[in-house]
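The values are calculated or read from the model by the stated rules, or taken from the named source; none is laboratory data. What you see is a predicted model, and the numbers here were worked out from it, not measured in a lab. So basically every Cβ, Gly included, is an ideal-geometry build from the backbone, and we count neighbours across all protein chains shown.
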Amino acid sequence: MAFGTNDKLNFCLMTTANYLTKALVMYDSLVKESKNDFNFFYFTFDELTYEYLKKINYKNIIPIKLQELESFYPELLETKKNRGKAEYFFTCTPHIIDYALKNYDITHVTYLDADLFFYDDPITIYNELKDNSVLITDHRYYPPNNESVSGKYCVQFIPVMNDEYGNKVIDWYKENV
């Protein structure tokens, strides 16, 4: 699917207050560089972040509490008991993608790491998808680093189409994270 400048883009990310400033700098770069309107589904993993986002009330930011995500996926609460904070964060990644696709009337969503910065219009990357449903990036580790610690693929920017194949990938990801 080719994207045009009239297509609304959709992004999702998650942070605590520790990464809030980075995420807002990234958001500002997106506002500056994107020629498209967009939704920014911001999953807040603490009350401070949620309250701050509600207070600043940026046009495109839709704050979503962690509790909403955990209510939608109760299995996350069991997983949370057995994982450290960082591990739990990683576990939630496919769930926030899936949550956005299932709870909003959108054709796609892109997961973003909060410490990204846009220097150009993200539509360029979307158009690399062509007729594909998901775009993933290989870590390309250099020795002595390897994928046994962080996995083969980098999570920083994952566009997913809300179609049969995109949903299958996210379902697989949720089961295997």
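Yes/no per residue for (1) within 17 Å of Leu9 (Cα to Cα); (2) at pLDDT below 75; (3) out of contact with any Asp or Glu (no Cβ under 7 Å at 6 or more places or on another chain):
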site	(1), (2), (3)
Lys130	yes, no, yes
Ser133	yes, no, no
Met161	yes, no, yes
Tyr165	no, no, yes
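Mind checking whether some residue in region 147-155 is at pLDDT 65 or above, within 20 Å of Leu69 (Cα to Cα) and touching a Ser or Thr at 6+ places or on another chain (Cβ under 7 Å)? So far as region 147-155 goes, yes, one or more of its residues are at pLDDT 65 or above, within 20 Å of Leu69 (Cα to Cα) and touching a Ser or Thr at 6+ places or on another chain (Cβ under 7 Å).
Can you pull out the residues in region 64-84 that are of a type outside the set (A, V, I, L, M, F, W, C) and closer than 21 Å to Glu51 by Cα? Within region 64-84, Lys65, Gln67, Glu68, Glu70, Ser71 meet the criteria. Is it true that some residue in region 91-107 is within 16 Å of Phe38 (Cβ to Cβ), modelled with pLDDT of 90 or more and touching an Asp or Glu at 6+ places or on another chain (Cβ under 9 Å)? Yes, the conditions are met somewhere in region 91-107. On the stretch given as region 111-128, residues that are under 17 Å from Val155 (Cβ atoms) and touching a Phe, Trp or Tyr at 6+ places or on another chain (Cβ under 8 Å) total 7.
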